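So the structure is just underneath, and the comments pick up after that.
Here, each number is a calculation from the coordinates, and none is a lab measurement. Computed from a predicted model, the values in this text were never measured in an experiment. Here the Cβ is made from the backbone with ideal geometry for all residues, glycine too, and neighbour counts use every protein chain on show.
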Amino acid sequence: MPIPKPNYTPPFNITRASHAVLHVKDLAKSRAFYVDLIGFIVSDEDTDALYLRGVAEACHHSLVLKRGSEPRAECVGMRCFSEDDLDKAKFYFDKAQLPALWVERPHQGRTLRVNDALGAPLEFCATMERKPRLVVSFKDHHGAVPQRIDHFQLLVPDVQHELEFYTDLGFRLSEYIAADGADTPHFVFLQRKGNPHDIVFAPGAGPRLHHAAFSIPESYLFFYVCDLAAQMGFAENVEFGPGRHGPGHALFVYMRDPDGHRIELFNTHYQCMDIDDEPVRWDTSYVGKRNWQLPARAMWFSEASRFAGVEPREPGKKGAPMTLEKYVAAE
Ligand SMILES: [Fe+2]
């Protein structure tokens, strides 16, 4: 399959990944993880929901935790530039026979809800209630000092389909992983905001939310937050890393929250926004060698949060990633 050409004149202007909405079973446990350990700022909370933001964010929330009977992802949120773009989005999706509905969301402006080409729930807004940006309010910083949301990663049964759908919406391919000697991408990194990722698609039963990623400012904080996790009873929640990515080059650590939802803390993304920026291609065999960290456990590849009301579909062809278990068995 060819890599689609970028669409420089998209039907409406999406500016960035905005927020994730997760259902959790026990808000107090979630608060201990996200606020006391990771260091998110609480913008609002009540008995049914917790609205969180990073210290560099002036928007009301980039992570919403809602009390629910099952751990589910409700949707991933994107920002559009203007109200006009939301109207254009409504027109575009309706024409594409993907019914888009206006929905009420606390602390957000007008919000449009739609399922993407493979059924992943998305919501778009152009405005959100404003809150103080606490980036230089050091007394408010603790844990890993999450700065801002950066991207989502979804597992999907047809990566090529999503690549084409999101390219039509104006997303640009920054990096991709393809089988050695072929040009069929099976792991794609797409962006709108000018750094390598806003949304990433990897092969797997889905659509399911693999992780939401938040940037942190300093590399020592990867180790500090892991130390803190161990002391606070969250040692088992550290899933993978600290390590360094191939695609994107960032340092990372993946953690599972008390409901099993996965977040990534990462740093140092580069910028890519020029018209002549070409996607970076990675051979599967090269990525498999990683950098200096051991491979991820099998669970990192296969486990993800189901979207509420969306039945995952298996991919036609199952991958065979190098897992920690395989690596150890081969030694
Ligand atoms: Fe990520």
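Things to note:
- Counting only DSSP beta bridges whose two residues both lie in segment 1-68, roughly 60 percent are antiparallel.
- Computed about the Cα centre, the dipole magnitude for segment 67-135 is approximately 260 debye when only Lys and Arg (+1) and Asp and Glu (-1) carry charge, each at its Cβ.
- Calculated over segment 67-215: convex hull of Cα atoms, volume per residue (Å³): 156
- Sparsely packed trypsin sites (Lys or Arg not before Pro) within segment 276-331, loop by DSSP, other Cβ within 10 Å at most 12: LYS317, LYS318
- About the centre of its Cα atoms, segment 89-214 shows a dipole size close to 800 debye [charges on the beta carbon of Lys, Arg (+1) and Asp, Glu (-1) only; nearest 20 debye].
- Taking the number of Cβ atoms within 10 Å of each Cβ as an exposure proxy, the fewest-first ranking of VAL238, VAL200 is VAL238, VAL200.
- Dividing the Cα radius of gyration of the chain by 2.2 N^0.38 Å, with N the residue count, gives 0.95.
- Local electrostatic count, VAL35, Cβ distance below 12 Å [Lys/Arg +1, Asp/Glu -1]: -1
- Built from the Cα atoms of segment 1-133, the convex hull projects on average onto 9.8 nm², one quarter of its surface area.
- Put the Cα centre of segment 220-237 next to the Cα centre of segment 274-311 and the gap is 24 Å.
- Overall form of segment 98-181: oblate. Here a/c, set by the Cα gyration tensor axes a ≥ b ≥ c, is 1.5 or more, and a/b is not larger than b/c.
- Only Cα sites of segment 263-331 enter the Debye sum here, all with the same form factor; the resulting log10 I(q)/I(0) across q = 0.11, 0.16, 0.17 1/Å is -0.47, -0.92, -1.00, listed in q order.
- Take the Cα of ALA58, step 7 Å toward its Cβ, do the same at PHE138, and the gap between the two points is 2.3 nm.
- Comparing GLU264, GLU83, GLU123 in a Gaussian network model of the chain (Cα springs below 10 Å), the most mobile by mean-square fluctuation is GLU83.
- Dipole of segment 213-306 [Lys/Arg +1, Asp/Glu -1 at C-beta], most positive-end residue of VAL287, GLY248, VAL225: VAL287
- Assigned charges on the beta-carbon of Lys, Arg, Asp, Glu; segment 23-146 dipole about Cα centre (debye): 180
- In summary, the lysines within cross-link reach of LYS66, defined as a Cα separation below 29 angstrom excluding same-chain residues under 8 places away, comprise LYS25, LYS29, LYS90, LYS131, LYS139, LYS193.
- Loop-located chymotrypsin sites (Phe, Trp or Tyr not before Pro) in segment 243-276 whose Cβ has at most 15 other Cβ within 10 Å (DSSP): TYR270
- For the chain, calculated [θ]222 nm from helices alone, where every DSSP H run of n ≥ 4 adds -39500 (n - 2.57): -5000 deg cm²/dmol
- For the chain, the relative contact order comes to 19 percent (Cα pairs under 8 Å, sequence separation of at least 6).
- Of all DSSP-defined beta bridges confined to the chain, some 70% are antiparallel rather than parallel.
- Each residue of segment 307-313 was assigned a 3J(HN,Hα) from its phi angle through the Karplus expression (A = 6.51, B = -1.76, C = 1.60, θ = phi - 60°), giving 7, 4, x, 10, 7, x, 10 Hz with x at Gly and Pro.
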